[in-house]
Every structure is written in C-alpha cells, then in structure tokens.
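The values are calculated or read from the model by the stated rules, or taken from the named source; none is laboratory data. No experiment lies behind these values; they were computed from the predicted model shown. Don't worry about glycine lacking a Cβ; one is built from the backbone with ideal geometry, like all the others, and counts go over all protein chains shown.
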Amino acid sequence: MDRRNFIKFCGVTTALAGFQAGYPTLRAAELKQYNKVKLVDGKGQPIKAKNLTTKESYVFNYPFMSTPAFLLNLPTKPPGGDKLVGKDGEYTWEGGTGVDGTVVAFTAICSHQLSYPTKDGSPISYYATEPSEDAGRTGVIVCCEHDRIYDPAQGGKMIATNKKATQPMAAIRLEYDAAADELYATGVYGTERFNDFFKAYKKELLEEYGPGVAKQEVADTAAVLLLSEYSATKDKC
Ligand code: FES
C-alpha cells in the first residue's frame, strides 16, 4: 500500500483556521489525506449542512471520480471515539460534524466484497425510515449482496450476525465551516480498499468513466445526490 500520504495523528489537536471539524481532538488515528473538496448540489451550489434530510441518504464520489461515499445526517449525534480495527490496524472514529454533530460520511463500497451503488442500482443503502429486514431496525447501512450490516453511529462498524465478520466501512473525514454551514471532504481513515475496487471493476469503470478517469482524484467540488437520484433502484433486505 502506498503510504506516502499517510499522516499519523497521535492525540494531536489540529488547528484548522476558520473551520471546525466538530471533533475537539484527533485521537490515535490514521488519516489518508486526499484533495479537500467542497460538497455541492447538482447545480454546483454549496450544500448547507442544516438542510440535509435525516430521512434519506446522500451519495457523492470521493476521493476518486468513481468511488461513491455515503453522506448521512443521523437523527441523533453519535458519541464518537469508537475504537475500531481494520486490516491496517486500530483507529478511532471521530464522530459526526455539522451544527448538531450528526453529519457523517463513509465509503459506500462494501467492506466485504466491494459491492457499491451504480447508476443502475444499489445493493447497499442506509435505512433511514423503513427498517431493514436483516437488521430489524432503522439507522443501519445494509449490503444486500451477502447481508452485512454496518452501524453509521458506531463508525461504520459491522454489527455482529451469523455472517463472517468484516472490517468497518472506511470513514470519510469531513470539515465543517460553521459560519457558512458548508462541508468539505478532506480524507479517508480506517482501511480503504480502493485499489481492490479498481481491480475488481476495471472493465465496468472503464465503460462508465472512460480511459484513466476512474482513478483520478476528485478536485475542488463533489456533487452530492440523494441515493434515489444516484441509483435507479435500491435493493431492500
Ligand atoms: S459485498 Fe456486501 S455483503 Fe458481501
């Protein structure tokens, strides 16, 4: 793995002039920094965190042009500070941001075998209002491909079931500009599997994005869509 851009934070407080990430301190965690991009709507206007619905999930492509991520406004503020373990080791999930500390983001590529939302359909989604049959409740991300359930209020950790455990969904780090009520994505932490994803879906990504585009980092802005706009259909389980 290319660790060129890894920055190890060990209880260091970051100073982000004019911004608040919503987290007082970065605990021991590894953040892979990617381009800092502003989250915008389909017309290129900055999205306002306070306008995000809690009743559906959003998707934006980050950190690469072809890698979808979920943006969720949870109904209540998650405590954060969860100690999680991925294939790259232990890390601490920082929690939510936004005015109420409820906005979180995770890669939408399943940690199990890399299923992901496409424009045709999504096997993986967040159950905001209608309970997942597999989980028996709302507030979970469930991948119907092989029924893995993840808890976005616990850093994307897989909820234990009779299925073989898999690592948590990698988290997208958000920064919040409180004065403007705007959000930025700045990096990924936990174990990301983007290289595996590019290999597994090489043909599909080439067809959808054209030569060389899928692996390009998103720059400047990322368009945020409702999952129902991003994918024509959604599996339920
Ligand atoms: S790919 Fe998601 S559960 Fe297997």
Counting just the residues of segment 94-113 that are under 18 Å from PRO63 (Cα atoms) and not β-branched (Val, Ile, Thr), which one comes out surrounded by the most Cβ atoms within 10 Å (Cβ to Cβ)? ALA108
Taking the options THR118, THR129, name whichever one is more than 13 Å from the ligand (Cβ to nearest atom), more than 29 Å from GLY81 (Cβ to Cβ) and over 15 Å from the mean Cα position of the chain (by Cα). THR118
Pairs where the first residue, in segment 141-154, is free of Cβ contacts under 8 Å to residues at least 24 places away in the same chain and the second is more than 9 Å from the ligand (Cβ to nearest atom) and part of a strand (DSSP E or B), C-beta under 9 Å, 6+ apart: ILE149/SER132; ILE149/VAL140; ILE149/ILE141; ILE149/MET158; ASP151/VAL140; ASP151/ILE141; ASP151/LYS157; ASP151/MET158
Could you list, in sequence order, all residues of segment 75-96 that are within 20 Å of TYR189 (Cβ to Cβ), over 13 Å from the mean Cα position of the chain (by Cα) and not charged (D, E, K, R)? PRO78, PRO79, GLY80, GLY81, LEU84, VAL85, GLY86, GLY89, TYR91, THR92
Lone qualifier among ALA171, ALA153, ALA185, ALA180 - being surrounded by fewer than 19 Cβ atoms within 10 Å (Cβ to Cβ), modelled with pLDDT of 95 or more and either more than 14 Å from the ligand (Cβ to nearest atom) or aromatic (Phe, Trp, Tyr) (or both): ALA180
When you look at TYR230, is it under 20 Å from LEU114 (Cβ atoms), out of contact with any strand residue (DSSP E or B) (no Cβ under 8 Å at 6 or more places or on another chain), of a type outside the set (Lys, Arg) and crowded, with 16+ Cβ neighbours inside 10 Å, yes or no? no
